[in-house]
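The values are calculated or read from the model by the stated rules, or taken from the named source; none is laboratory data. Since we're looking at a predicted model, the values are computed, not measured. So basically every Cβ, Gly included, is an ideal-geometry build from the backbone, and we count neighbours across all protein chains shown. Ligands, DNA and RNA are excluded from the accessible area calculation, which covers all protein heavy atoms including side chains. Shrake-Rupley method; radii C 1.70, N 1.55, O 1.52, S 1.80 Å.
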Amino acid sequence: MKLRPDLAIIADAVPATARVLDVGCGDGELMAALRAKGVDARGLEIDPDNVTAAIARGQSVVQGDANHDLADYPDDAFDYAILSQTLQTTERPDRVVDELLRIAPRAFVSFPNFAHWRIRLALLWGGRMPVTRLLPVAWYETPNIHHVTVSDFRDLVRDKGIGVERVWHLSGDKPASDAAASWRAEHAIFLIARG
């Protein structure tokens with residue numbers, strides 16, 4: 001199975017013996033890859049159809065909302081929490097990040113970079129919210145309620161005293177350098193840790 005590029009990076013970086021909570025796990029695709037390498041992976045997903053699909057794959061998933069239900073998990077219940085392509089859809093991303101690092105000492109957070117040059121150009125020339133390969137729906141259909149950028153996320157973790165252990169940037173499906181990442185990266189993946 002070929003994982004989405006950000007998920008492949010996360011799957012490669014998680015140690016084989018880790019306990020992981022995948023928040024917003026979708027249909028369980030990442031969890032399946034993690035479990036194949038010996039990871040104890042659990043999931044939390046809001047969409048009932050995705051929960052059903054993940055369970056059909058044999059994954060351990062509960063239906064829940066990251067905005068409210070992470071509070072039900074005990075402190076340090078996992079080694080890693082994963083929030084992939086979900087941060088921008090949460091009501092209060094800052095509080096969700098706090099919860100991730102309460103239930104696990106480290107967390108992977110990936111998100112589309114809304115400062116990518118194509119998005120900037122579409123706004124500049126067209127004056128409208130862009131529809132792109134990675135953001136394929138119109139502004140009124142999108143689940144994205146917070147348009148986060150690489151620079152915004154760096155500021156958030158710095159202000160909260162959260163450590164950044166590693167960062168990956170993707171342009172298309174290929175790795176991109178840190179140089180001008182706010183401008184050039186379509187996606188960012190951060191491995192963060194308690195300060």
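Could you check Ala53 against (1) buried (at least 21 other Cβ atoms within 10 Å of the Cβ); (2) over 25 Å from Pro74 (Cα atoms) and say which number it fails?
Unmet condition: (1).
Tell me the residue from Asp40, Asp94, Asp69 that is surrounded by fewer than 22 Cβ atoms within 10 Å (Cβ to Cβ) and either under 20 Å from Ile162 (Cα atoms) or touching a helix residue (DSSP H, G or I) at 6+ places or on another chain (Cβ under 8 Å) (or both), please.
Asp94
Quick grid of which residues meet (1) within 25 Å of His68 (Cα to Cα); (2) free of Cβ contacts under 8 Å to residues at least 60 places away in the same chain; (3) not β-branched (Val, Ile, Thr):
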position	(1), (2), (3)
Ile9	no, no, no
Val20	yes, no, no
Val23	yes, no, no
Ala36	no, yes, yes
Asp49	yes, yes, yes
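Taking Asp27 as meeting all but one of (1) open to solvent by 50 Å² or more (accessible area, probe 1.4 Å); (2) of a type in the set (D, E, K, R); (3) more than 19 Å from Leu3 (Cα to Cα); (4) assigned to a loop (DSSP other than H, G, I, E, B), write down the number of the exception.
For Asp27, the exception is condition (3).
Which residue out of Ala104, Ala122 is at pLDDT 95 or above and either of a type in the set (D, E, K, R) or over 19 Å from Pro5 (Cβ atoms) (or both)?
Only one candidate passes the filter, namely Ala104.
If a residue has to be open to solvent by less than 30 Å² (accessible area, probe 1.4 Å) and in contact with a Lys or Arg (Cβ under 6 Å, 6 or more places away or on another chain) to count, how many in segment 13-24 make the cut?
Residues flagged as open to solvent by less than 30 Å² (accessible area, probe 1.4 Å) and in contact with a Lys or Arg (Cβ under 6 Å, 6 or more places away or on another chain) within segment 13-24 amount to 1.
Is it true that Ala107 is crowded, with 22+ Cβ neighbours inside 10 Å and assigned to a helix (DSSP H, G or I)?
Against the criterion (crowded, with 22+ Cβ neighbours inside 10 Å and assigned to a helix (DSSP H, G or I)), Ala107 does not qualify.
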